[in-house]
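Written out below as structure tokens is the structure these notes cover.
Nothing in this text is a laboratory measurement; each read-out follows from the coordinates by a stated rule. Everything numeric in this text was worked out from a predicted model, so none of it was measured. Neighbour counts are summed over all protein chains in view; Cβ atoms, including those assigned to glycine, are modelled from backbone coordinates with ideal geometry.
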Amino acid sequence: MRNLLSSRSTVDRFYLGLGLGFLPCGLVYMALLRSVAAGSVTEGAVSMLAFGLGTSVALLALGVFSSALKLRFNRFGSRIAAAGVIALGIFLLWRGTLPMHISAGIQGCHDHH
């Protein structure tokens, strides 16, 4: 695995991507649950196709955007990436706690009757 990570070969990068495709991903599991609950094989397949097309466009855009940033900000690329990961983590934590704040507000609103 270490050889694939440090390799510059296109073939090695392809195999690395192929191997990383087997890592667990919560979004894929949610899409699979949605497709199982679709009601028919056709609806489930269409659901997974839509998920695949939607995520492939987003991942392709991310790859193009990150390559453009690398060309422009090569010197600070690692710092920009780290700041982006931290910002995304904070955002996801905020989104994860949002339902608790909303339900607390609704519950507090009903207590005043």
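Taking the Cα centre of the chain as the origin and placing charges on Cβ (Lys, Arg +1; Asp, Glu -1), which of ALA58, ASN74, MET48 is farthest toward the positive end of the dipole?
Value computed over the given set: ASN74.
Taking each full run of DSSP H in the chain as one helix, which ones are at least 24 Å long along their axis (Cα atoms) and have mean Kyte-Doolittle hydropathy of at least -1.0?
Helices meeting the criterion: 41-72, 77-110.
Principal axis lengths of the chain from Cα atoms, whole Å, largest first?
67, 44, 25
Using only helices, what value at 222 nm comes out for the chain when you add -39,500 (n - 2.57) per DSSP H run of length 4 or more and divide by the total residues, to the nearest 500 deg cm²/dmol?
-28000 deg cm²/dmol
Can you give me the pair-distance distribution of segment 25-72, C-alpha pairs, 5 Å bins, whole percents?
Computed distribution, short to long bins: 5, 22, 19, 18, 11, 9, 8, 5, 3, 1.
Just to confirm the filter: which trypsin sites (Lys or Arg not before Pro) across segment 1-64 are DSSP coil and have at most 12 other Cβ within 10 angstrom of their Cβ?
ARG8
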